[in-house]
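To keep things clear, I will list the structure first and then write my remarks on it.
The values are calculated or read from the model by the stated rules, or taken from the named source; none is laboratory data. These figures come from a predicted structure and were not determined experimentally. Heads up, the Cβs are rebuilt from the backbone with ideal geometry, glycines too, and the neighbour counts pull from every protein chain shown.
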Amino acid sequence: MPYQVVPATEVDFDAFVQAFNEAYEHYFVHIQLTPANLLSLIKRDAIDLDASVASVDEEGRVVGVAMLAIRPPRSWVGGVGVVEEHRRRGIARKMMQALIQNARQKGLASVELEVITQNTKAYDLYEDLGFMTQRRLLILQRPAGDAVIPSGFVARECPALEALEYFERFHDTPNAWQRNLPALQSFAFGHLEGWTIARESNPTQVVGYAVGWPNDEHIQWMDIAIDPHASQRTEIGTALLATVHHELPMATGAIVNLGEHDAEIVSFEALGYTETMAQFEMRLDL
């Protein structure tokens, strides 16, 4: 048997990282991680290395990796990759089958994943394994430039954890796995910043929030949500985004994996954000 699928904990961690980097070297989005980077992702995204797998060749070299993250009752595929010279030999399929089996053995309800829309080979594999497309997740970007702030609202900066207190109340559509509350809370202990917004007529009633990493050159939004019961949701979101862009007029902006039906998309579009890439969110019910 030329290849064997084994638990990720049974291979050298540095070799696992190297195989990940080689597998993603020519991917649609270039990804290169250090062992420290991967350890950070493991913590942030709840990746379970015991439930994750690696594929090794006859000489014991790691040639494929597949990671499974777990937040019961759900699980999520945190990356599947095969080193280029070992592709088209069924390795990715066998690793995915192992992840699905591991999720079943743990009594989980589903396995979820994202795949870039151009990656038709991976999409076909996941569909063949029984995954169903749930929605498109959008990557939006904005060039640098000042922004006009809609009148009638007041935004203020606050600790990220304070803003995230409104997460459950304000999200009427679920976030993607990497932007779910536990991941955002882990970022909040770093340099994540937060903002809340209220109406000028009722400044103590928060009607929206956002969290992200802003600097003079770039604003990376991690989450934004507007009270689903509030009127003028688009204007509220636009005012919140515009406040930060007005303070940092030389900064570009971006958000990753925003659901295609999220109400906040209209606010991003009003500020000049456009879609630059998209992923399919897929799920297999177990």
Exactly one of E165, E157 is part of a helix (DSSP H, G or I) and charged (D, E, K, R), and that residue is E165
Just to be sure before I move on: is A69 within 12 Å of N102 (Cα to Cα) and within 19 Å of the chain's Cα centre (by Cα) in the structure I sent? yes
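Would you point out which residue out of L33, L49 is surrounded by fewer than 20 Cβ atoms within 10 Å (Cβ to Cβ), touching a residue at least 12 places away in the same chain (Cβ under 8 Å), farther than 16 Å from V82 by Cβ and in contact with a Pro (Cβ under 9 Å, 6 or more places away or on another chain)?
Values: L33 fails: in contact with a Pro (Cβ under 9 Å, 6 or more places away or on another chain).
None of the other options fit; the residue is L49.
Could you list, in sequence order, the residues of the range 199-214 that are without any contact (Cβ under 8 Å) to a residue 12 or more places away in the chain and either over 30 Å from A183 (Cβ atoms) or buried (at least 21 other Cβ atoms within 10 Å of the Cβ) (or both)? Give the derivation first.
Residues of the range 199-214 that are without any contact (Cβ under 8 Å) to a residue 12 or more places away in the chain, as a first pass: 202, 204-205.
N202, the sole residue that qualifies.
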All positions within the range 73-88 that are at pLDDT below 95 and of a type in the set (K, R): R87, R88
Being modelled with pLDDT under 95, farther than 30 Å from N202 by Cβ, assigned to a strand (DSSP E or B) and touching a strand residue (DSSP E or B) at 6+ places or on another chain (Cβ under 8 Å) is the requirement here; does G64 meet it? no
Check on A15, in contact with a strand residue (DSSP E or B) (Cβ under 7 Å, 6 or more places away or on another chain), surrounded by 20 or more Cβ atoms within 10 Å (Cβ to Cβ) and not assigned by TED's automatic domain parsing to the domain that holds N257: no
Out of the residues in the range 52-73 meeting the condition of being touching a residue at least 40 places away in the same chain (Cβ under 8 Å) and farther than 18 Å from N21 by Cα, tell me which one is surrounded by the fewest Cβ atoms within 10 Å (Cβ to Cβ). E58
Considering only the range 79-105, how many residues are without any contact (Cβ under 8 Å) to a residue 60 or more places away in the chain and touching a strand residue (DSSP E or B) at 6+ places or on another chain (Cβ under 7 Å)? 7
Kindly list the number of the only condition in (1) touching a residue at least 12 places away in the same chain (Cβ under 8 Å); (2) farther than 21 Å from E85 by Cα that fails for L39. (1)
Go through the range 215-252 residue by residue and tally those that are in contact with a helix residue (DSSP H, G or I) (Cβ under 8 Å, 6 or more places away or on another chain), surrounded by fewer than 20 Cβ atoms within 10 Å (Cβ to Cβ) and either of a type in the set (S, T, N, Q) or not assigned by TED's automatic domain parsing to the domain that holds N175 (or both). 1
